[in-house]
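For reference, the structure discussed in these notes is given below.
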Amino acid sequence: MNNLLEIKHLQKQFPQKNNKLFRKKEYFTALDDVNLEIKKGEILGLVGESGSGKSTLGRMIMGLTSSSSGSIKYNGEEISQLTDKEKIPYYLKMQMIFQDSTSSLNPRKTIGEQITAPMLRLGVVSSKQEAEKESIELLKKVGLKSEHIYRYPHEFSGGQRQRIGIARALALKPEFLVLDEPTSALDVSIQAQILNLLLDIQEEFNLTYLFIGHNLSVIKFFCHRVAVLYKGKIVEIAKSDELYSKPFHPISNMLLKSVLKLERQEESSNLEETLESTDMHTGCSFSGKCNYASAKCYESHPQTTIQYYSGIERSYACYHPLNQETKELEVVFP
Ligand SMILES: Nc1ncnc2c1ncn2[C@@H]1O[C@H](COP(=O)(O)OP(=O)(O)O)[C@@H](O)[C@H]1O
Ligand SMILES: [Mg+2]
């Protein structure tokens, strides 16, 4: 399978408020040396606690947030440094679906107008009639009715608005979707319906997904492979079932056990502490919380190791990986 997306050494630093005393600009590292590949037709999961950098990575792939350094290649083409004009062809190929579609829908315009406008603007269809016909087809595809094109966003439930968001993304006939926690804002009973819809669409249009989430049971059911992000670093990548049954990284293990439950509020009040632990501390950023940490975990961050475990590739950045009880490990490169 070919790679649709290749991310190498991607870095994102957000400027912090100026430190008035020293007049020195300070930066917060939201993503640190991210390396990731997404194959054509693959559903890659991206998990991590809140604030780990998942949305930032999704937005950088979509060209909504600039990168500080590193490379993002789409179908072999570098896309991380494009001008607004150069980005236009990628609007057709790449779309993003957010946690809550309400914010991306205009409350004053009908659903029909909102689905047809980008189709006409970007030349996906040649006439208004064609755009309308297509938008009705799309609404039916996502489980809505043709008469819904005349309605306004507030007339729909959260689940229906998410379906509208999906229809609107599909209108431009994309190849790749970033799904940023697409069901987190929905009732549990509706979540499965939307996930099933996304799976059907992926299969029908042979789409490639980056699926951002924090619920690992959803990830296991939905994704082919999973990347685990912690404080801006990818700490493990594995096939979903492998990660689920044999996590190598203590962070993956903890996420699986839902031990890591950082509340958003708590996190923002601890921002200075987070800054210090990611930027000043040279070792593994998890060492202070990890039951397995040794002296070297505090001294340097472990390199990503790729190993074959019973013929299956495992990739992780940890000095003390779990679940390696058998001796079948073959180190490919340290
Ligand atoms: N525009 C921004 N300016 C400054 N800091 C930001 C900005 N966007 C995100 N961040 C910070 O980057 C970190 C990662 O955020 P985000 O990617 O939203 O995490 P996640 O989606 O995993 O919850 C957080 O600490 C957040 O505060
Ligand atoms: Mg997010």
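Read the figures in this text as sums done on the coordinates, not as results from a lab. In this text the structure is predicted, and so the values were computed from the model without any measurement.
Numbers at a glance
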{"quantity": "Most mobile of 124, 235, 47 in a GNM of the chain (Cα contacts under 10 Å)", "calculated": "124"}
{"quantity": "Difference of contour (0.36 nm per residue) and Cα-Cα distance, residue 146 to residue 68", "calculated": "23.6 nm"}
{"quantity": "Cross-link pairs 140/173; 8/296; 54/233 - those with Cα-Cα distance over 18 Å", "calculated": "8/296"}
{"quantity": "Overall Cα dimensions of the chain, principal axis frame, Å, largest first", "calculated": "67, 56, 38"}
{"quantity": "Segment 124-129 - phi-based ³J(HN,Hα) in whole Hz, Karplus 6.51/-1.76/1.60, Gly and Pro as x", "calculated": "6, 10, 9, 9, 5, 4"}
{"quantity": "Considering only the chain, percent of DSSP beta bridges that pair antiparallel, nearest 5", "calculated": "65 percent"}
{"quantity": "Two-decimal ratio, segment 107-173, of alpha-carbon radius of gyration to 2.2 N^0.38 Å", "calculated": "0.99"}
{"quantity": "In order through segment 141-154: 3J(HN,Hα) via Karplus (6.51 cos²θ - 1.76 cosθ + 1.60), integer Hz, x for Gly, Pro", "calculated": "4, 8, x, 10, 10, 4, 5, 5, 5, 8, 9, 9, x, 5"}
{"quantity": "³J(HN,Hα) computed for each position of segment 42-47 - Karplus, 6.51 cos²θ - 1.76 cosθ + 1.60, integer Hz, glycine/proline x", "calculated": "8, 10, 9, x, 10, 10"}
{"quantity": "Compactness of segment 1-157 as Cα Rg over 2.2 N^0.38 Å, two decimals", "calculated": "1.29"}
